[in-house]
Each structure stands twice: as C-alpha cells, then as structure tokens.
Amino acid sequence: MLVAIGEVGLDYYWEENEPPEVQKKNLLKQLDLCKQLDLPFIFHDRDAHGDTLQIFQKEITGIQGVFHCYSGSLEMAKELAKRGFYFGFGGTSTYKNSQKVREVLQWLPKELILFETDSPYLAPVPFRGKRNNPAYTEYTARSAAEFLQMDFTELAEITTQNTKRLFKKINCNQTN
C-alpha cells in the first residue's frame, strides 16, 4: 500500500546531481503528484534550505508532509510549522554538536514531531559510526524525551499519533 511519496526534495550537496533549476522543476511535479493522489510527502533537503523555504512559502498548498532528518534553522522551522508540516528527527539529534537541531526540537509543538531512522546512515548515540537500523529509533526518541524533560512513554504516544495523523493510509491494526 502506498502511504506517502518520498524522498522528494532538493539536494545541492553532490556536484553530479541535476542543477538546482532542474531539481526545483522536478520537485514541483512530485509535490503535484502528492496533491493528486492525496498523499503526504517525505522531504529531503541538503544544502538547499533557502530554496526549500521559498518554494514552501510561495508555491505549495493543500498537501501535508514531513521534513525528514530536519537540519534547517529555527526560523525556517517556524515558517514550515505555521503551515502544519511535520519534522522528522533521527540519529543526528543525539549528537553533542547538534545544538541547532535540538533547539528546533525544543521549540516545535509536540504534535509536529516524528522520530525516524535514516538507515543505513546517521545512527544515534551510542551507535554513531555504525550501520543504522530502524530498531535504533527508540534511542533517538529516548534522547529527545530526556532533552525535553518528558516521560518517554508520553512522547512515544504523541509521536505515534502524529504518525497515524500524517500517514492516514497506514492501518496500524492490520496483521500480516
């Protein structure tokens, strides 16, 4: 079952990627597909924060999504949060040098927070430098709960509800 479209986004990091104008044109097509299919997006933004924010401020309405492995500024997060977008936090939020990410995590309404893996990359502490896997998401959530001075179970319940709200087509009661 298709529950989202992603990763879509802009990645200006690698020289071999398409030029920014081509990426932006393709992104708008992908986001239009999300709207047509009534599916949320999972957004990848690497070294493209300015263009990302501009596109979402000026051109995107009527869809939901998550900014995965969020690494933008607090100011950018405030603008995206006004529009009801979600923010995914992975292993990087557990790194001691990720103060900017934790600042965003602390400011965000809890109803916009999701936890994720970027497997096989960016494993959380205490697995940093090793191959990541989805089972490590709990370490990220526990780290966030400690940082936010919240009960882990409460934060886990909030983010589970957020997941169900965003990815409406997931049937969490289904057994295989």
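Note on surface exposure: Leu155, Leu74 rank Leu74, Leu155 by accessible area, highest first, 1.4 Å probe.
Could you tell me which of rounded, prolate or oblate describes the stretch 123-166, using a ≥ b ≥ c as the square roots of the eigenvalues of the alpha-carbon gyration tensor, with rounded for a/c under 1.5 and, failing that, prolate when a/b is larger than b/c and oblate otherwise? Walk me through the numbers on the way to the answer.
Values: a/c = 3.32, a/b = 1.47, b/c = 2.26.
Here the stretch 123-166 falls in the oblate category.
Could you give the angle, 0 to 90 degrees to the nearest 10, between helix 152-166's Cα long axis and the longest principal axis of the Cα atoms of the chain? Once rounded, one gets 20 degrees.
Dipole check for the chain: with +1 at the C-beta of Lys and Arg, -1 at the C-beta of Asp and Glu, and the Cα centre as origin, the magnitude is about 320 Debye. 3J(HN,Hα) along the stretch 42-55: 10, 9, 10, 9, 10, 6, 9, 4, x, 5, 4, 4, 4, 4 Hz, from the Karplus curve 6.51 cos²θ - 1.76 cosθ + 1.60 with θ = phi - 60°, whole Hz, x for Gly and Pro. Residue-wise HN-Hα couplings along the stretch 64-74, as the Karplus relation 6.51 cos²θ - 1.76 cosθ + 1.60 with θ = phi - 60° gives them from phi, are 10, x, 10, 8, 6, 6, 4, 9, x, 7, 5 Hz; Gly and Pro carry x.
By the gyration tensor of its Cα atoms, with a ≥ b ≥ c the square roots of the eigenvalues, what is the shape of the stretch 98-172: rounded for a/c under 1.5, prolate for a/b over b/c, or oblate? Can you show the working numbers first?
Numbers: a/c = 1.79, a/b = 1.17, b/c = 1.53.
It is oblate, given that a/c is not under 1.5 and a/b is not larger than b/c.
For a quick protection proxy, order the peptides 39-45, 87-93, 24-30 by their average other-Cβ count within 10 Å, most packed first.
87-93, 39-45, 24-30
Between amide H atoms placed 1.01 Å from N, distances below 5 Å from Gly6 occur with Ile42, all of them 5 or more places distant or on a separate chain. Phi-derived couplings, Karplus 6.51 cos²θ - 1.76 cosθ + 1.60 at θ = phi - 60°, listed residue by residue for the stretch 86-94: 9, 10, x, 10, x, x, 4, 5, 8 Hz, with x used for Gly and Pro. Here's how it looks for Ala123: its modeled amide H is under 5 Å from those of Gly129, Lys130, Asn132, which are all 5 or more places away or on a different chain. For the chain, what does -39500 (n - 2.57) per DSSP helix run (n ≥ 4), summed and divided by total residues, give at 222 nm, in deg cm²/dmol to the nearest 500? The helix-only estimate for the chain comes to -13000 deg cm²/dmol at 222 nm. So which of Lys58/Lys96; Lys24/Lys82; Lys29/Lys96 end up more than 32 Å apart, counting from Cα to Cα? Where the Cα-Cα span goes over 32 Å, the pairs concerned are Lys58/Lys96; Lys29/Lys96. Under a 5 Å amide H cut-off, with hydrogens placed 1.01 Å from N, Phe115 pairs with Phe89 among residues at least 5 apart or on other chains. Measuring only protein heavy atoms, the 1.4 Å probe finds Trp14 accessible over about 120 Å².
The values are calculated or read from the model by the stated rules, or taken from the named source; none is laboratory data. The structure presented is a predicted model; accordingly, all values stated were derived computationally and were not measured. With ideal geometry, Cβ positions are generated from the backbone for all residues, glycine too; neighbour counts draw on all protein chains shown. All accessible areas refer to the heavy atoms of the entire protein, side chains included, with ligands and DNA or RNA removed. Shrake-Rupley method; radii C 1.70, N 1.55, O 1.52, S 1.80 Å.
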